[in-house]
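One structure is given below, encoded as structure tokens.
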Amino acid sequence: MLAARIHEDGGPEVVVVEEVPDPVAGQGEVLVRLRAASLNHLDLWVRKGLPSVPKPRILGADGAGVVEALGDGATGLATGDRVVLNPGLVHGDRVTVVGEHFDGTHAELIAIAAEQVFPLDDGISFETAAAFPLVFETAYRMLVTREAVLEGGWALIWGIGGGVATAAFEICQAFGVRTIVTSGSPAKLAKAREWGADVVLDHHEDDVVQAVKEATGKGVDVVVETVGEATWARSLAAVRPFGRVVVCGATTGPNPPAQLHRVWWKQLTVLGSTMGTREDFLGAYALVRDGRVSVHVDSVYPLREAAAAHARLESGEQLGKVVLEIPG
């Protein structure tokens, strides 16, 4: 089969599309012929060696396709079924992810545990199905399972256009939460306003904290924090007393000044959230199936152009998910 693999850590140029042996469905596994897969920032971190993984490694957490074969003991599916993959595998209190802890979806075939494979509705394209799982599952856990957002509340979402930020925006919309979104791109802010954002702010030019207070009166109820060092102080300043900051990542660095005085003085709650459970995946999938959220695809690249897809995501210019199209 054809697969996009890395043999060393580095930039997009280390992504090599090559022929590799076909996987075989083992006990309790399903062999899926993938038709689409998406990129996540996780793929960039793993490619760079953060963390460094055993190699060669096929990257990719998200994917959708058609059942090619069933291993012994795999039930509930049949050859030819359209399916979508849940990329998160729960082991007690730890979650492992397809493509980080074993070979992933940037390939023509993947053998994966049957419990990670779900029927895909005919009305959902392979590209859409490949674009939603990791980011929507992550955002669903942040905002519904961990945070329990309330209709009529306010959320601040940094960096609209990124996968988790865009999924968080859509989930807030679905639950009637008013949204303040930021970007350094006027084009992204204009698009977010078209999508229904209540307030859009340039996080380079605008006084985000002051604008948040003017819009809400006393601050947002929840901050979706995925950025870290570049935004942390402003997140703590923009959230209302007794508000919550939900953290799932730190793309600009994990060690900002703690600003502990804001935590105790405002009596804030800081919640950590990582990926999601099967229940989180199913909750996110239900929102997609029911049409309560939109899944935004920025661009689609052929599998053979996986390195270019990496470069697109790494540029930060995308608005939504970067997807790989895989020949059937």
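The values are calculated or read from the model by the stated rules, or taken from the named source; none is laboratory data. It should be emphasised that the depicted structure is a prediction, and the values quoted were computed from it without experimental measurement. Backbone-built Cβ (ideal geometry, glycine too); neighbour counts: all protein chains shown.
The set of residues from region 204-219 being buried (at least 20 other Cβ atoms within 10 Å of the Cβ) and in a loop (DSSP other than H, G, I, E, B) comprises just one member, G219.
Within region 226-245, is even one residue surrounded by 15 or more Cβ atoms within 10 Å (Cβ to Cβ), within 30 Å of N86 (Cα to Cα) and aliphatic (A, V, I, L, M)? Looking for residues that are surrounded by 15 or more Cβ atoms within 10 Å (Cβ to Cβ), within 30 Å of N86 (Cα to Cα) and aliphatic (A, V, I, L, M), one finds at least one in region 226-245, hence yes. When region 30-52 is limited to residues that are in contact with a helix residue (DSSP H, G or I) (Cβ under 6 Å, 6 or more places away or on another chain) and part of a loop (DSSP other than H, G, I, E, B), the one that is surrounded by the most Cβ atoms within 10 Å (Cβ to Cβ) turns out to be L39. Taking A78, is it outside the structural domain of G176 (by TED's automatic domain parsing) and surrounded by fewer than 24 Cβ atoms within 10 Å (Cβ to Cβ)? In short, yes. Residues being assigned by TED's automatic domain parsing to the domain that holds R304, farther than 24 Å from G249 by Cβ, of a type in the set (S, T, N, Q) and surrounded by fewer than 19 Cβ atoms within 10 Å (Cβ to Cβ) are represented in region 22-29 by at least one member. Taken over region 34-86, the residue count meeting the criterion of being touching a strand residue (DSSP E or B) at 6+ places or on another chain (Cβ under 8 Å), of a type in the set (V, I, T) and in contact (Cβ under 8 Å) with a residue 40 or more places away in the chain is 6.
Of all residues in region 114-134, those that are over 18 Å from L39 (Cα atoms) have Cβ atoms under 8 Å from Cβ atoms of residues that are among the polar types (S, T, N, Q), 6 or more apart or on another chain, in A114/T75; Q116/N86; V117/N86; F118/N86. Test of understanding: among V270, V300, V223, which residue is under 29 Å from D198 (Cβ atoms) and under 18 Å from the mean Cα position of the chain (by Cα)? Checking each option against the conditions leaves just V223. Every test in (1) in contact (Cβ under 8 Å) with a residue 40 or more places away in the chain; (2) of a type in the set (V, I, T); (3) touching a Leu at 6+ places or on another chain (Cβ under 7 Å) is passed by I157 save one, and that test is (3).
List the strands (runs of 3 or more DSSP E) inside region 87-127, counting only whole elements, that have at least 2 residues being touching a helix residue (DSSP H, G or I) at 6+ places or on another chain (Cβ under 7 Å).
Working: elements: 88-91, 94-97, 109-113, 117-119.
In region 87-127, the matching strands (runs of 3 or more DSSP E) lie at 88-91.
Only one entry in L85, L89 is surrounded by 15 or more Cβ atoms within 10 Å (Cβ to Cβ), at negative phi and at pLDDT 95 or above, namely L85. Listed conditions (1) under 19 Å from L303 (Cα atoms); (2) under 23 Å from the mean Cα position of the chain (by Cα); (3) surrounded by 14 or more Cβ atoms within 10 Å (Cβ to Cβ) are all met by G11, apart from (3).
In region 263-286, what residues are crowded, with 18+ Cβ neighbours inside 10 Å, part of a helix (DSSP H, G or I) and not hydrophobic (A, V, I, L, M, F, W, C)? Before the answer, list the steps.
Residues of region 263-286 that are crowded, with 18+ Cβ neighbours inside 10 Å, as a first pass: 268, 273, 275-276, 280-281, 283-285.
From what is left, the residues that are part of a helix (DSSP H, G or I) are 280-281, 283-285.
D280, G283, Y285, listed by residue number.
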